[in-house]
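The values are calculated or read from the model by the stated rules, or taken from the named source; none is laboratory data. Keep in mind that this is a model prediction, so the values were computed, not measured. Neighbour counts are summed over all protein chains in view; Cβ atoms, including those assigned to glycine, are modelled from backbone coordinates with ideal geometry.
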Amino acid sequence: MLNLLMIGAGGIGGYYAAKLFTAGHQLVLTARGKHLTALQENGLSVHYDGQQMVCPIPAVNHAKLVKNYHPNNFDAIIITLKSTATVALLEELGDWLRLGETPVLSLQNGVDNEPLLAKALGKNRVLGGLAVRIGGHIIKPGVIEAVGVAQIIMGEWPSSSGLQANQVNPNPLLISLQSEFELAGIPTLITNNISHELWRKLIINNGVNPISALTGLDTKSLTQHPHFSKIIYGMMMETAAAAKADNLELGIKDVDAMFELISNFNAIKTSMLVDKEKGRPLELDSIAGAVLRRSKALGIDAPYTTTVNALLEHELSFNSLIKHKRMQ
């Protein structure tokens, strides 16, 4: 049995927490606001594949976490917050996290979270990871809706030295987590090059997230559209090219595989579109911004990403201005 801390009980973290709790593991969730209140009063409710999981998992805010728990109370600390919250998380919980030695597993979007965590906590404390083929959102406080296979890919950060691609990662915690996750019904893969996998997911995220927020269309509508699908593919190619800045070689085979994956996945609203609709901060800088910064460092153009990013930033700025004027 694992004792886990899930920092972030949104669509992704809430789904995985419910699966693990149902399988008999002990968890503590962090949340805030009305969502936290609902979790404390009614437990976590997750709708998935026509079923409902109701889980009375302890939930606390960061202040109560620091007061009532020690990092070493947990076998692993899993971060499922938006990447926009990583810096703030380390400002709030960095000192508390440094009190212990418990490994921290990031299951966040983007390619910049693990470097931030490693700088703050030490590379030996950080495990890289990602959630793939899953869509999950808070539909009301305390209630999550999720779809997809919901696989986890994880590995030592930034890679497992001295191992070939087909060798098993010897990290005992990763092996334990994989075993328990699988028993809980969470397909889990250990990779010896997590950086490569994070960039492959960024190919999808940069391909569909910004343009979905700009157009209001779901992933299926976008990938089947005669014009938008070409823009998506172009943004994916630009993402693959930008990976060279992190010493990774991604090519057309990676892009084709990721485009096929998202094209055949459930028709879902991307997380960025949902955040825009709910007036929350977008992970635009963590996704498109990460590609544009690395493209600039490499001295290469990224016209598709530049254009969509600029249009979306302009729309967000315009909407913010209109909202401000209405409140005056």
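Here are the numbers for the structure shown:
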{"read-out": "Residue match in the range 86-102 (condition: in a helix (DSSP H, G or I), surrounded by 16 or more Cβ atoms within 10 Å (Cβ to Cβ), in the same structural domain as Ile12 (by TED's automatic domain parsing) and hydroxyl-bearing (Ser, Thr, Tyr))", "value": "yes"}
{"read-out": "Boolean, Gly24 is more than 18 Å from Ala131 (Cβ to Cβ) and touching a Cys at 6+ places or on another chain (Cβ under 7 Å)", "value": "no"}
{"read-out": "Residue match in the range 193-211 (condition: surrounded by 17 or more Cβ atoms within 10 Å (Cβ to Cβ), among the hydroxyl-bearing types (Ser, Thr, Tyr), over 25 Å from Asn266 (Cβ atoms) and in contact with a helix residue (DSSP H, G or I) (Cβ under 8 Å, 6 or more places away or on another chain))", "value": "yes"}
{"read-out": "Residue match in the range 250-258 (condition: within 14 Å of Gly135 (Cβ to Cβ) and in contact (Cβ under 8 Å) with a residue 24 or more places away in the chain)", "value": "no"}
{"read-out": "Of all residues in the range 33-62 being touching a strand residue (DSSP E or B) at 6+ places or on another chain (Cβ under 6 Å) and free of Cβ contacts under 8 Å to residues at least 24 places away in the same chain, the one that is farthest from Ala17 (Cα to Cα)", "value": "Gln40"}
{"read-out": "Gly279, sole failed condition from (1) surrounded by fewer than 18 Cβ atoms within 10 Å (Cβ to Cβ); (2) on the phi < 0 side of the Ramachandran plot", "value": "(2)"}
{"read-out": "Per-region count, the range 251-308, residues farther than 14 Å from Ala241 by Cα, of a type in the set (Phe, Trp, Tyr) and part of a helix (DSSP H, G or I)", "value": "1"}
{"read-out": "Residue ID - farthest from Asp95 (Cα to Cα), chosen from residues in the range 33-49 that are modelled with pLDDT of 95 or more and loosely packed, with under 15 Cβ neighbours inside 10 Å", "value": "Asn42"}
{"read-out": "Qualifying strands (runs of 3 or more DSSP E) (wholly inside the range 1-85; at least 2 residues being over 14 Å from Pro141 (Cα atoms))", "value": "3-7, 26-30, 51-55, 76-79"}
